1. If Lys and Arg each add +1 and Asp and Glu each add -1, what is the summed charge of the other residues whose beta carbon sits under 9 Å from the beta carbon of A:Met267?
2. Hey, what number do you get for chain B at 222 nm if only DSSP H runs of n ≥ 4 count, each worth -39500 (n - 2.57), divided across all residues, to the nearest 500?
3. If the label for A:Asn167 sits 7 angstrom from Cα along the Cα-to-Cβ line, what are its distances to the same label in every other copy, in nm to one decimal, shortest first?
4. Label position 7 Å from Cα toward Cβ: report the copy-to-copy distances for B:Lys152 in nm, one decimal, ordered from shortest.
5. How crowded by other chains is A:250-262, given as the mean number of beta carbons from other chains within 10 Å of each beta carbon?
6. Specify, for chain B, the residue whose C-beta is closest to the rotation axis mapping it onto chain A, with the distance given in whole Å.
7. Lys/Arg Cβ at +1, Asp/Glu Cβ at -1, dipole of region A:195-257 taken about the Cα centre: which of A:Ser222, A:Val195, A:Ile246 is farthest positive-ward?
8. Using alpha carbons only, how many degrees (0 to 90, rounded to 10) separate the axis of helix A:183-198 from the longest principal axis of chain A?
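Bear in mind these aren't lab numbers, they're just calculated from the coordinates by the rules spelled out. Not measured: the values here are computed from a predicted model. Please note: Cβ atoms are built from the backbone with ideal geometry, for glycine as well, and neighbour counts cover all protein chains shown.
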Number of protein chains: 2
Amino acid sequence: MITTVIGLGLIGGSAAIDLRKRDFTNKIIGVDNDKINAQTALNIGFVDEISDLEQSVKKADLIIIAIPVDAAIKILPKVLSIIDKQIVVDMCSTKSTLLDAVKNHKNRGRYVASHPMAGTEFSGPWAAISGMFDSKAAILCDTEDSDKDAIKLIKKMYDILNMRVINMNSTNHDIHTAYVSHISHISSFALALTVLDKEKNEKHIFDLASGGFDSTVRLAKSSADMWIPIFNQNKENITTVLDNYINKLQKFRDSISNSKTDNVRSMIQEANKIKRVLYK
Amino acid sequence: MITTVIGLGLIGGSAAIDLRKRDFTNKIIGVDNDKINAQTALNIGFVDEISDLEQSVKKADLIIIAIPVDAAIKILPKVLSIIDKQIVVDMCSTKSTLLDAVKNHKNRGRYVASHPMAGTEFSGPWAAISGMFDSKAAILCDTEDSDKDAIKLIKKMYDILNMRVINMNSTNHDIHTAYVSHISHISSFALALTVLDKEKNEKHIFDLASGGFDSTVRLAKSSADMWIPIFNQNKENITTVLDNYINKLQKFRDSISNSKTDNVRSMIQEANKIKRVLYK
């Protein structure tokens, strides 16, 4: 099987590495607007050749779209117009607007909307690693609109990547990911800003930061190019989640400020219930 | 040398394990109000015997206080009244109120105020581990009020624990830790609450949570018993930090909601500068 990967960064690159290593595909064609990314992907060797969009789509059996969601909204309809019977999957973090963009496309059935919930705070082809998807969840959205053979192949692909496949409609997907993914990033960005604002002498942060701080702000290293389109596409859900989050923080702030220890205790004990789901 | 450890939880236990393993002390006496903790510490073997406060302090050369800061405020003056020439150190996360509690004590010079910036989200003697302090920072506060031989021993102790020793006055300590430690915990508690509130069906969180969410809410597993006293003792600084943090979140929220992409981009790029200090 020949696979074309559009977008040779962290996600596309990590998928390419393991899909070949694990014999899912025997040839990978890469597409990337950024020439340095394209050349790096070739150098590292997770693609066999670089081609333009049209040629690479025509030659492939499977096309994986792994670019920021704002670019995917433009590229996906083009790809669907080029294909004959090929299968197309995207790996973007928001789904509703992307699905809206192709809902009446004649080749909609050949496309599977997916979101592998994996990543690191790094980006670009240099950040691509083997095993990044292992043991994580891959969400397939609105599968009733995709052809059965297309769903079957994408499920097999995520199986090869050692992921748990979960079906969800795109509206619910965008709500849930606002809570368990998008908010974590905004929380980290804001925390990093708060500390950097205060600590003009960065030596103090370096001296004092312990493991707890590290893990809470790790996501603040994430790239604007990836996250701005996600925040744009999912802004209604994200705004709601941020309002809830700010409200909880305000309750903590007021309870601490007014020495309402019982309130603080019950909030912490309630928060501790996260152990039920995150037991590591 | 005989060492008494008051408080046989994560901090006291982890210190005991490595101080003996690395030949800093050859006998460790444990003190803990909680009989299960005391027996567990004996069973695990990081203390040689359990004793009461007075006897254990009298027998020791060094007394380590590793209990929540509200309890330490009561215990520290008692310990200083029992000692003759022994050296006393505490390992609490806030310093100003604790130092105020003993500032006129006749044995103030025998006491060194310290804060090893290390820990995990777990607690109790079962959570004590070897190596927990390695490569982290240990802060010594207001050392000009401690005897030179006391400072020398405590520096040696933290050296044996593989920590970087940093001197700081207690007021600055409490401000800086509000930014780089206390706020991370409140941010995590509030994030866990926000998600748990929304996701009454916890299965969704479990299904969808990826590495980013895990690391951001990890600290939400931390214990109320440890953190409530810290929040109480440092409430002025924490309130200020939370106000700044909420303000940053509100800016993110408004910029996302109003599609002010340039604002979001410049905030993310500013936050990315955390890479300068957290390069791992």
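1. Values: positive: A:Lys248, A:Lys251, A:Arg265; negative: A:Glu270.
So the surrounding residues net to +2.
2. Working: 13 runs with 144 residues, N = 280.
Here the helix-only value at 222 nm equals -15500 deg cm²/dmol.
3. Distances between equivalent label points, in nm: 6.8.
4. Copy-to-copy label distances for B:Lys152: 8.0 nm.
5. On the way: counts 4, 2, 11, 11, 2, 2, 12, 8, 2, 3, 0, 6, 1.
Shielding by partners across A:250-262 averages 5.
6. B:Ser215, 2
7. A:Ile246
8. The two axes meet at around 50 degrees.
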